[in-house]
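The values are calculated or read from the model by the stated rules, or taken from the named source; none is laboratory data. No experiment lies behind these values; they were computed from the predicted model shown. Cβ coordinates were reconstructed from backbone atoms using ideal geometry, including for glycine residues, and neighbour counts include every protein chain displayed. For accessibility, only protein heavy atoms count, side chains too; no ligands or nucleic acids. Shrake-Rupley method; radii C 1.70, N 1.55, O 1.52, S 1.80 Å.
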Amino acid sequence: MILTAACSKPSSTEIQSQGLEEAKLSRKAEPGQFENNISFSLVSKVNLPGQAIDVDVKDCYAYLTDDLGQLYVIDFADLANPETIGKVRGIDSANIVIIEGNYAYISYTSWQGDQQNYYTQCGLKIVDISNPENPELIGDYISGSETEKSVQGIFIDNDFAYLNSTQLVGDDQQSQLEIIDISDKGNPAKISELKVEGMPWGIHVSGGYAYLNTTLYGQEYPLGQQSQLLIIDVQNPQMPQQVSSFKVMEGTAGIYVQKDFVFLSNNTLDFEDTEVKSNLQIVDVSDKENPKARGKCIIAGQGWELDMVANYILVSDLEGGVHAINIEDKDHPTVADIYYTPGTSYDITVEGNYGYIADGFSGISVISLSGEGPTEESIFTGENTAPVAQFEIGGDSIKKDVFPVGVPVYFSAASSYDINADDLNFSWEINGNRYEQEKVSQIFDAEGSYDIVLKVSDGVLDSETVKSIEIEEAPICIAPAKERNIEVEIEYQLKNLSSTTIKDIHCYASVPQTYLPFQRVNEISVSSDDFQEVYDHSFNQILHIDYQNLEVGPGEELKATVTANLDMINFKFLDLDYKNLSYGQDDPDLSFYTMADLYIDSDHKIIKEAAQKVIGSEQRPVVIMEKLYYYVTDLMDYDFKRADDPQYPLMYASEILQTGKGVCADYAVLYAALLRASGIPCRVASGIPLYTAILEGGYLEVGHAWVEVKFPQYGWVPIDITIEDFFMSTDYNMNLATERGSGFLHRSTTMDWTSYYFDGFIYSWEGDDIPEVEQALIYRISE
């Protein structure tokens, strides 16, 4: 990333608050004016759907890519209260973003096709950001189409874009530096390319030279344990010429250039027989033909992207956080401060005295770079120190840190960290129970105050923290019409139709949890003894069944079965004065569950206009729910042809609104978007339609989706809008929720499938030929 100028808000936006203007002026201090050591402190955070991947900043706006194919524009004029004001979607697998002038340049590598026949499209997209509230995608340079090619790094220098790309050709990798003329933003065109050795990662262009860090692979370089710095003369962009190559530390990752020095991070976590996981290395390139190694220092964690301010290099950490390295003495760089984050810090960008962190599932964090100064314990010295224990609490709360009886409360220690980057062990003590996972859940059966104790250990030293929560009986707005005991069998099938043996097999199975008063899980059994409970980012429970020691040969099949015994209710609404209910100002769900999400584009103009037209001046939440319910049921027709396609492409709510037809997921997404646009907290839920399955003879191969709406003062209630019945009518459907939140909508959009859990099997195989495999999911239901 490039160090950008101090903040300057465009004149088109008027700021009325004198205090806010003073806050903006305080940000105009020249970067690098720090006393003593650089010092980190958190200023604000923004949660977003998916994972934050890369960020650049200009004029108080942060431009953020995510793994769901979107570019966000976030207004940080008021640092404490950032606001998302613009968005562009359709940039599948968006990666690096660089802002130059009135344009955003975004690299991408989009994997397409299916598991048996996949390919990529990759290149560079150009977005006009002259109006930050309405960014517009205007250009696309396609580097590779229907090939196995990827783009690793980009850099923008005046009218030229520099791309690193690699294409797989059989067992070989062919990499090149591509130089693109971007003077015509709508028609970027390649003017030259230069083949390079190894797989390139980052690129930085300075003073007429391009600097690439590449890693060599193949039989001569097992595990990619040799990396090099390439220096390429690009003073004539049409005729790039390599000047020199220089061996650098293995596993190279990020690169940054300032004058005659190149700064490199590396990441050797996956390499064997080494205790060093990450470093910062400095290379003197004042003599382009004869680079020289200067200093190097250890970084705890996994070093990734770099930026610079004053005499400090900032390194993002894939294990979460940012490291500040003092590089005033180029021969002896030292760690000045470390800031830890709960997510995966893919990128760090500096503007003025602030750092902007693209922090994976934790969104974007803004940190001050000039706080009160680090403590001695916060600086990495290489000596073992005790880890820091901290955790977050989640679940369907009544108010902050107050949860209802009989509903799971979730505890995550993901934000705990160790300054030495040692592996951590977790030990929980919750209501007399002990657990040893990073994430756990607990159902409390009685009202009261409960202390939650977490102990974290690195195997030698440990630390402990305690938080308290309150458990209360929640008011209930529904009553059982009938209660049924149901047995559900969920079967995952894997059939090997190829001549290749499948191995390293894992199955991930979404399973129901207890959500009183609607469903109670009495018992769950699994066909294999080798499994563990894990939770996704919405705290849905997944069983990870391990078949790693099992192989499935040609013509063979494997079945994984989960059986659940549970109590379900048909319910009816109580005769209450719903229309006069309102949300409390301290309701923790008013913010999170009213923001736009994947496919739920409640911030889209036509969604907001449609919602406003329907509800008019109405402010009573339940009346708004009712009006929008009938609007959707009157508008929509069920699309039986779409329902027959098990791989139907998902649509955004704005597209569904214009189409006027769809299946259950479409009904749910549209209703949720209209509700959120109207300030009503809601979420999409999915699972098994038990009543439908019983009508079908107890056998079903498809799931179902509906909406859960938060009724003011009462909590979450399922609304199945697809049945097009009366609003708040008696519910006889018995929809068994296995996932709540939009996680199941991510199934075909993410650039990094390993970051999400999907139902079904994953596996590997020998050889280059992709095996033909068939997977199926079957539900069997009995009363």
Helix-only CD estimate at 222 nm, as mean residue ellipticity for the chain, using -39500 (n - 2.57) per DSSP H run (n ≥ 4):
-2500 deg cm²/dmol
Label-point gap, in nm, between PHE592 and TYR630 - each point 7 angstrom along Cα→Cβ:
3.4 nm
Among bridges DSSP assigns within segment 407-565, what percent are antiparallel (round to 5)?
100 percent
Computed on alpha carbon atoms, what radius of gyration and Dmax characterise the chain, expressed in Å?
27.2, 83
The distance between the Cα centres of segment 123-150 and segment 58-108, in whole Å, is 13 Å
Solvent-accessible surface (1.4 angstrom probe) belonging to SER370, in square angstrom, nearest 10
60 Å²
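Specify whether the C-alpha gyration tensor of segment 490-645 places it in the rounded, prolate or oblate class, a ≥ b ≥ c being the square roots of the eigenvalues: rounded for a/c under 1.5, otherwise prolate if a/b is larger than b/c and oblate if not.
Taking the square roots of the gyration eigenvalues as a ≥ b ≥ c, segment 490-645 is prolate.
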What helices does the chain have that are whole DSSP H segments, at least 18 Å long along their own axis by Cα, and with mean Kyte-Doolittle hydropathy of 0.5 or more?
621-635, 664-677
Heavy-atom accessible area ranking, 1.4 Å probe, most first, across GLU383, GLU557
GLU383, GLU557
Could you calculate the FRET efficiency of GLU447 with GLU783 from 1/(1 + (r/R0)^6), where r is the beta carbon distance between them and R0 is 51 Å, rounded to 0.05?
0.95
Under 21 Å from the Cα of LYS503 - lysines, other chains or at least 8 residues apart:
LYS495, LYS559
Quick one: if you take sqrt(5λ) for each eigenvalue of the C-alpha gyration tensor of segment 151-210, what semi-axes come out, biggest first, whole angstrom?
22, 14, 9
Considering only protein heavy atoms, what is the solvent-accessible area of THR730 at a probe of 1.4 Å, reported in Å² to the nearest 10?
50 Å²
Measuring from centroid to centroid over Cα atoms, what is the spacing of segment 231-251 and segment 626-656 in Å?
53 Å
What's log10 of I(q)/I(0) for segment 660-752 at q = 0.11, 0.12, 0.26 Å⁻¹, Debye sum over Cα points only, no solvent?
-0.33, -0.39, -1.50
Thinking of segment 422-518 as a set of Cα atoms, what percent of all their pairs are more than 15 Å apart?
78 percent
Could you compute Rg(Cα) / (2.2 N^0.38 Å) for segment 604-671, with N its residue count?
1.18
Under 18 Å between alpha carbons, and skipping anything fewer than 8 positions from LYS125 in its own chain: which lysines qualify?
LYS87, LYS149, LYS185, LYS190
What does DSSP give for the chain in terms of the percent of beta bridges that are antiparallel, rounded to the nearest 5?
95 percent
Whole-percent pair-distance distribution, where bins are 5 Å wide, for the alpha carbons of segment 114-189:
3, 14, 21, 22, 16, 11, 7, 3, 1, 0
Kirkwood hydrodynamic radius (C-alpha pairs) into Stokes-Einstein, segment 186-267, 37 °C and 0.692 mPa s, D in µm²/s
245 µm²/s
Convex hull (Cα only) mean projected area of segment 65-171, reported in nm² to one decimal
8.0 nm²
May I ask you to order 538-544, 312-318 by the average number of other C-beta atoms within 10 Å around their residues, highest value first?
312-318, 538-544
Rounded to whole Å and sorted largest first, what semi-axes of the equivalent ellipsoid does the C-alpha gyration tensor of segment 117-267 yield via the square root of 5 times each eigenvalue?
26, 20, 14
Considering only C-alpha atoms, what is the centroid distance from segment 435-480 to segment 566-614, in Å?
27 Å
Let me test this: with uniform point scatterers at the alpha carbons of segment 349-507, what is the Debye-based log₁₀ I(q)/I(0) at q = 0.09, 0.13, 0.14, 0.21 1/Å?
-0.54, -0.92, -0.99, -1.30
Could you list, in their original order, any pairs among LYS399/LYS482; LYS58/LYS330; LYS247/LYS330; LYS45/LYS399; LYS400/LYS482; LYS579/LYS613 whose Cα atoms are separated by more than 27 Å?
LYS399/LYS482; LYS58/LYS330; LYS400/LYS482
